[in-house]
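The values are calculated or read from the model by the stated rules, or taken from the named source; none is laboratory data. As the structure is a computational prediction, the values presented were derived from the model and not from experiment. Don't worry about glycine lacking a Cβ; one is built from the backbone with ideal geometry, like all the others, and counts go over all protein chains shown. Protein only, heavy atoms only, side chains kept; ligands, DNA and RNA dropped before computing areas. Shrake-Rupley method; radii C 1.70, N 1.55, O 1.52, S 1.80 Å.
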Amino acid sequence: MRLVSFSLPDRSGVAVRDGDRLIDLGIAAPQLPRDMVSIVAAGKPALASAADAIRSAPAAAVLDPEKIRYRPVVPRAGKIFCLGLNYAAHAAEGGNAVPAYPALFLRTNGSLIGHREPIARTRLSDTLDYEAELAVVIGATARRVARDRALETVAGYACFNDASVRDYQRKTSQWTIGKNFDATGGFGPELVTPEELPPGATGLRIRSILNGQTMQDDNTRNMIVSVADAIALISACTTLEPGDVIVMGTPSGVGYARTPPVFMRPGDVCEIDIEGVGRLTNPIVDDAD
């Protein structure tokens with residue numbers, strides 16, 4: 001199943017994709033919650049109701065995908081954990097060793113945008129870089145969960161662009177400031193539930209495409225820390241809750257490591273494509289301040 005967080009001038013909510021159609025669950029299944037966190041927390045019964053809604057949706061529930069505003073898959077995530085240096089080739093291109101323990105940092109909700117929304121290049125820097133990543137949305141409370149049970153807590157997967165302001169990232173060893181400029185984290189277009197993908201979303205081609213040119217091209221099987229590993233490691237320290245997000249790191253081919261460097265500029269279009277998950281598209285604009 002594929003779920004979309006959307007808004008229109010008169011309402012917002014969650015839709016389920018049915019081929020080329022989007023079905024507004026607020027109309028087709030009014031008994032369901034109206035936000036993604038509550039739906040994933042409700043688990044299999046909510047998904048079963050969503051599936052029923054596809055079969056019986058009235059015409060009024062059918063949305064035009066070209067007229068909605070795509071919101072971040074989880075518009076108000078509780079916690080957003082991000083892994084750095086999780087592909088060996090990416091660590092090497094930056095002159096870094098593969099970490100013995102994953103490099104972790106947090107993103108804020110204010111940095112997130114949805115599919116087709118613009119990534120804002122700050123006027124403070126011209127080093128805005130792209131990063132293709134797999135995002136994992138948690139659907140059940142996970143505290144000290146064992147690795148062999150970790151995937152049971154996953155609600156689904158999405159594409160993520162961990163767009164980074166590189167000079168600010170390197171002002172501090174903690175990376176956080178360069179990863180949290182407003183409107184830099186593309187997240188979408190939809191949540192893909194686990195039964196549609198291989199376990200842990202492994203074995204999937206992952207790419208970034210800038211202005212039609214492929215910049216990164218790898219496979220999620222090459223992640224050093226797997227989805228199950230990440231859930232087990234993080235939940236050993238802090239409780240993961242429905243609607244939390246783990247962003248799984250980027251492959252090699254980022255802009256700062258190229259000769260000459262390639263950074264995103266206003267007028268560019270960056271796409272993140274993950275096999276079976278979808279394609280996230282974001283234009284680049286100057287921050288309007």
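With the highest mean first, a sort of the peptides 19-31, 234-246 on other beta-carbon atoms found within 10 angstrom per residue produces 234-246, 19-31. What the Kirkwood sum gives for the stretch 79-165 is a hydrodynamic radius of 15.3 Å, with every pair of different alpha carbons counted.
Overall, the ratio between the Cα radius of gyration of the stretch 54-100 and 2.2 N^0.38 Å, rounded to two decimals, is 2.15. Students often forget the sequence filter, so: which lysines lie under 17 Å Cα-Cα from K179 once same-chain residues fewer than 8 apart are removed? Cross-link targets: K79, K171.
Taken along the Cα-to-beta-carbon direction at a fixed 7 Å, the label points for V98 and K171 span 3.4 nm. Remark: the stretch 63-74, residue by residue, has Karplus-estimated 3J(HN,Hα) of 9, 8, x, 7, 10, 7, 9, 6, 9, x, 3, 10 Hz, where x stands for each Gly or Pro and the curve is 6.51 cos²θ - 1.76 cosθ + 1.60 at θ = phi - 60°. The charge dipole of the chain, taken about its Cα centre with unit charges on the Cβ atoms of Lys, Arg (+1), Asp and Glu (-1) only, comes to about 500 debye. Our helix-only sum for the chain, with -39,500 (n - 2.57) per DSSP H run of n ≥ 4 divided by its residues, gives a mean residue ellipticity at 222 nm of -4000 deg cm²/dmol. Taking all protein chains as present, what is the carbon and sulfur share of the accessible area of the chain, in % to the nearest whole number, probe 1.4 Å? Its accessible area is 51 percent carbon and sulfur atoms. For the stretch 128-231, the pair-distance distribution built from all alpha carbon pairs, in bins 10 Å wide starting at 0, is 14, 38, 36, 12, 0 percent. Expressed in Å, the radius of gyration and Dmax of the Cα atoms of the chain are 18.2, 56. The alpha carbon radius of gyration of the stretch 1-148, expressed as a multiple of 2.2 N^0.38 Å, is 1.27. Net charge dipole, the stretch 1-142: roughly 380 debye, given to the nearest 20, about the Cα centre with Cβ charges of +1 for Lys and Arg and -1 for Asp and Glu. Only alpha carbons enter this Debye calculation for the stretch 211-282, each as an equal point scatterer, and the log10 of I(q)/I(0) it gives at q = 0.11, 0.12, 0.14, 0.20 Å⁻¹ is -0.41, -0.48, -0.63, -1.02. Heavy atoms of the protein chains alone define the surface here; on that basis the chain has 41 Å² accessible area per residue at 1.4 Å probe size.
Once backbone amide H atoms are built at 1.01 Å from N, I113 has G185, G186, F187 as its partners under 5 Å, excluding neighbours fewer than 5 places away on the same chain. Once the gyration tensor of the Cα atoms in the stretch 164-280 is diagonalised, the equivalent ellipsoid follows with semi-axes of 25, 20, 14 Å, ordered largest first.
FRET efficiency for the pair A59 and R123, taken as 1/(1 + (r/R0)^6) with r the Cβ-Cβ distance and R0 = 45 Å, rounds to 0.45.
Cα extents for the stretch 17-94 along the principal axes, largest to smallest and rounded to whole angstrom: 53, 28, 19.
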